[in-house]
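> Have a look at the structure that comes next, please.
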Amino acid sequence: MMLRSASTATCVLAVSLLAACGSMSTAPMYSQAGLPAAVQVPAGNKVAMETVGMGEITYQCSAKKDMADQFEWVFVGPDAKLNDRSGKQIGKYYGPPATWENMDGSKLTGTQVAVSPSAPGNIPNQLVKANPAMGSGAMTGVTYIQRVNTMGGVAPSMACTAGNMGSKQIVKYQSDYIFYKAAM
């Protein structure tokens, strides 16, 4: 009988702990500790939303500025879905200008503050200062956006020459977009 009571008590404790864990807040867990200082969000801001952007970046073959006889792939703009950590689409990212839009209709643009290299073959990490949001919703009050954990997205490796000037190439990419709001 004593063994059965101890076993029952252990089960009750385990179920209670699981229930407590299940009711805990699912606050964002993102940490910027491993990022270069240039792309860290200033103190006084806290994570408001974490998303994974999955999509494409378009590049166009163009003459280099002030060098009409040399050519390069120039960034045209992104087209990506913004998903929450469970994979559900909650918005989109497109441009120009670079625009982050939530499914609730709120959206914002921003100004690049800094970039830092990512692994070879991946677009750089980025810190953007948000402009005031248009519409009200999830994007209202966002102060900064970080682009981190990038995969792909770099300019095409195919040659950009006078022969293909004006042509466009689309490359796949993925990145986490972390949205911050002022801490209260």
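> Please verify whether S25 is in a loop (DSSP other than H, G, I, E, B), modelled with pLDDT under 95, under 21 Å from S175 (Cβ atoms) and among the small types (G, A, S), treating the condition exactly as stated.
It is false that S25 is in a loop (DSSP other than H, G, I, E, B), modelled with pLDDT under 95, under 21 Å from S175 (Cβ atoms) and among the small types (G, A, S).
> What single numbered condition from (1) surrounded by fewer than 14 Cβ atoms within 10 Å (Cβ to Cβ); (2) part of a loop (DSSP other than H, G, I, E, B); (3) in contact (Cβ under 8 Å) with a residue 60 or more places away in the chain fails to hold for I170?
Going through the list (1) surrounded by fewer than 14 Cβ atoms within 10 Å (Cβ to Cβ); (2) part of a loop (DSSP other than H, G, I, E, B); (3) in contact (Cβ under 8 Å) with a residue 60 or more places away in the chain, I170 breaks only (2).
> On the given criteria, is I145 in a strand (DSSP E or B), surrounded by 15 or more Cβ atoms within 10 Å (Cβ to Cβ) and out of contact with any Ser or Thr (no Cβ under 8 Å at 6 or more places or on another chain)?
Taking the combined requirement at face value, the residue satisfies it.
> Out of N83, N102, N122, which single residue is surrounded by 13 or more Cβ atoms within 10 Å (Cβ to Cβ), under 20 Å from P156 (Cβ atoms) and among the polar types (S, T, N, Q)?
One residue alone meets the criteria, N122.
> Please verify whether K107 is within 20 Å of D79 (Cα to Cα), of a type in the set (D, E, K, R) and over 18 Å from the mean Cα position of the chain (by Cα), treating the condition exactly as stated.
When the stated conditions are applied, K107 does not pass them.
> For the stretch 131-161, which residues satisfy the criterion of being in contact with a strand residue (DSSP E or B) (Cβ under 7 Å, 6 or more places away or on another chain) and without any contact (Cβ under 8 Å) to a residue 24 or more places away in the chain?
Hits for the stretch 131-161 are N131, M158.
> Out of the residues in the stretch 28-43 that are over 14 Å from Q126 (Cβ atoms) and surrounded by 10 or more Cβ atoms within 10 Å (Cβ to Cβ), state the one that is modelled with the lowest pLDDT.
P28
> Contact list please: Cβ distance under 9 Å, first residue in the stretch 87-99 and on the phi > 0 side of the Ramachandran plot and part of a loop (DSSP other than H, G, I, E, B), second residue at pLDDT below 95 and of a type in the set (F, W, Y), pairs at least six apart or on different chains.
Within 9 Å, no pair qualifies.
The values are calculated or read from the model by the stated rules, or taken from the named source; none is laboratory data. This is a predicted model, so every value here is computed, not measured. FYI the Cβ positions are ideal-geometry reconstructions off the backbone, even for glycines, and counts take in every protein chain you see.
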